[in-house]
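Where a number appears in this text, it was derived from the coordinates with a stated rule and is not lab data. All values derive from a computational prediction rather than experimental measurement. With ideal geometry, Cβ positions are generated from the backbone for all residues, glycine too; neighbour counts draw on all protein chains shown.
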Amino acid sequence: MNFLYNIAMSATAWGMRLASPWHHKAKLTVQGQKRTIPYLKDTLDTDGVYIWIHAASLGEFEQGRPLIEKIREEQPDAKILLSFYSPSGYEVRKNYDKVDAVCYMPVDTPRRVKEFLDVVKPKMAIFVKYEFWGNFLEQLKQRNVPTYIISSIFRPNQSFFKPWGGMFRKMLSCFTHLYVQDEESRELLHGIGIDNVTVCGDTRLDRVLQIRAQAKEFPAISQMVVGSKNVMVMGSSWQPDEDIVIPYFNSHPEMKLIIAPHEFDENRLEAMMARIKRPVARYTQLEGIDPATLDCMIIDCFGILSSLYRYGTISYVGGGFGSGIHNVPEAAVYGIPVIFGPKHEKFREAVELNACGGGFAISDAHQCHEVLDKLLGDKQALEDAGSAAINYIEAHTGATQQIYNDLF
């Protein structure tokens, strides 16, 4: 890559090191990247030939996971290396048993990239969704390693499509093939001369079907919601989302509420509990409490949200008043309508669910309360919206099989 790009990568690495004493995620990243090469030298089979799959974080991992598990199912002897950029992916999935090794991706500088590829010697590289690292892509192409990106999505405002975006367009030319989510992405790429593209949808939709089939049961929550016809599951919520939903819940005694906040510390949880004017408890603090007496449960642990949507008659997915909504398909797959905030335009499933009637984009509390009044007050409207949600999911699956068939 060019001089300015390499300077930017080096500056990013130095910035991460400088921040690491005070910033927990930066510290984990720096420490993890430092361990990558020694770990790989100790762990990788020197006679093995590895498929390298890279996901930035946990969300991208969930998109890539169906393909990983398809490879493992069809090729049990295949060697798979999984890498992450973010601690939020690595720390959760570092013991993932469907791959042979898990590590942090090194900084994308020429020296680090060469060192990594010399050790791994991948026979194939697969990047998930938004991962464009210039030195890695350039080196993979020079080494004639087939390189792919899956579940990718492109928009006109991205650097690739700007007059000054030549460096970024060069990155795209390094891919052997690009598997994109929609026709708009294919057309944008065609406009800059990239035609090794297939539209096949989002592998994450295959993943949410798997999750639904494996959904766990939680007896305490079952006891809380039994017999209730109006149960909202609020997933990955932030305070602006809660500011909208909690007042509505407080004034609607016929409604039960499960809140799984995106982040939680003691102060935040205590403040949330104080705002809820009906019987409420934290999931990890139920000792001595009969769940059947509760109207609201706050989920103060990670890892169970994808199963919790099974208890809902309606869902709310948070993040739409911040940097962007979280995993809408994770809720829609249970055949329940999904409400989300205004910052959803970058998420194809949310836009299309909103268009087909399985999702509802809201911009303020008034709109949200109108939607809730309609859905919770009209059984047929609730059922129609839920059917639209699951029909959309089921109509857009199959990307994993298509990609696997192409690659192998």
About the Cα centre, charge dipole magnitude for the stretch 217-395 (Lys/Arg +1, Asp/Glu -1 at Cβ), debye
140 debye
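Counting Lys and Arg as +1 and Asp and Glu as -1, what is the net charge of the other residues whose Cβ lies under 13 Å from the Cβ of Val231? The partial results should precede the final answer.
On the way: positive: Lys229, Lys256, Arg310; negative: Glu254, Asp295.
Net charge in that neighbourhood comes out at +1.
Neighbour counts of other C-beta atoms within 10 Å: give me His24, His262 arranged from fewest to most. Could the numbers behind the result be given before it?
On the way: His24 10, His262 15.
Ranked by crowding around the Cβ, least crowded first: His24, His262.
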Could you pull out which residues in the stretch 91-127 have an amide N less than 20 Å from a spot 7 Å beyond the Cα of Lys41, following the Cα-Cβ vector?
101-122
In terms of the alpha carbon gyration tensor, root eigenvalues a ≥ b ≥ c, rounded if a/c is under 1.5 and otherwise prolate when a/b exceeds b/c or oblate, the stretch 8-156 is rounded
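Just rank Arg268, Arg282, fewest to most, by other beta-carbon atoms within 10 angstrom. Write out the running numbers ahead of the final one.
Details: Arg268 15, Arg282 18.
Listed from fewest to most nearby Cβ atoms, that is Arg268, Arg282.
Taking square-rooted eigenvalues a ≥ b ≥ c of the alpha carbon gyration tensor, is the stretch 217-395 rounded, prolate or oblate, where a/c under 1.5 means rounded and, failing that, a/b exceeding b/c means prolate? Please list the in-between numbers first.
On the way: a/c = 1.58, a/b = 1.38, b/c = 1.15.
It comes out prolate by the Cα gyration axes.
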Check which residues have an amide H placed less than 5 Å from Asp300's amide H, if you skip close sequence neighbours.
Tyr283, Thr284
In sequence order, calculated HN-Hα J values of the stretch 106-121 (Karplus, 6.51, -1.76, 1.60; Hz; x Gly/Pro)
x, 4, 7, 10, x, 5, 5, 5, 4, 4, 5, 5, 5, 7, 6, 6
How tilted is helix 24-43 with respect to the longest principal axis of the chain? Cα atoms for both, answer in degrees (0 to 90, nearest 10).
50 degrees
Fewest-first ordering of Val102, Val119 by Cβ atoms within 10 Å yields Val119, Val102
Kindly state, to the nearest 0.05, the FRET efficiency for Ala355 paired with Phe408, given R0 = 35 Å and r defined as their beta-carbon distance.
0.50
Cut-off under 5 Å, modelled amide H: who pairs with Val199 long-range
Val180
Specify the angular offset, from 0 to 90 degrees and rounded to the nearest 10, of the alpha carbon long axis of helix 203-213 from the longest principal axis of the alpha carbons in the chain.
50 degrees
Give a residue-ordered list of calculated ³J(HN,Hα) values for the stretch 340-345 (Karplus: 6.51 cos²θ - 1.76 cosθ + 1.60, θ = phi - 60°; whole Hz; x for Gly, Pro).
8, x, x, 8, 10, 5
With charges set only on the Cβ (+1 for Lys and Arg, -1 for Asp and Glu), what does the dipole of the chain come to about its Cα centre, in debye to the nearest 20?
1360 debye
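Taking a ≥ b ≥ c as the square roots of the eigenvalues of the Cα gyration tensor of the stretch 247-296, is the shape rounded (a/c under 1.5), prolate (a/b larger than b/c) or oblate? Can you show the working numbers first?
Numbers: a/c = 1.90, a/b = 1.14, b/c = 1.67.
Oblate is the answer for the stretch 247-296, as a/c is 1.5 or above yet b/c matches or exceeds a/b.
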Once Lys and Arg get +1 and Asp and Glu get -1 on their Cβ, which of Asn157, Pro247, Tyr283 lies farthest toward the positive end of the dipole of the chain?
Asn157
In whole angstrom, the spacing between the Cα centers of the stretch 284-298 and the stretch 114-160 equals 48 Å
Candidates for Cα Rg over 2.2 N^0.38 Å are [x] 1.05; [y] 1.36; [z] 1.13, and the calculated one carries label [x]
The ³J(HN,Hα) series, computed from each phi in the stretch 168-180 with the Karplus coefficients 6.51, -1.76 and 1.60 at θ = phi - 60°, rounded to the nearest Hz and given as x for glycine or proline, is 6, 5, 4, 4, 5, 5, 7, 6, 5, 7, 10, 9, 10
Sequence neighbours fewer than 8 away in the same chain don't count; with that in mind, list the lysines whose C-alpha is under 29 Å from Lys162.
Lys129, Lys141, Lys170, Lys343, Lys346
If amide H atoms are modeled at 1.01 Å from N in the peptide plane, then the residues at a separation of 5 or more from Cys103, or on another chain, having amide H under 5 Å from its own are Leu82, Ser83, Phe84
For the chain, longest principal axis from Cα atoms; helix 239-250 axis from its Cα atoms; angle between them, nearest 10 degrees, is 20 degrees
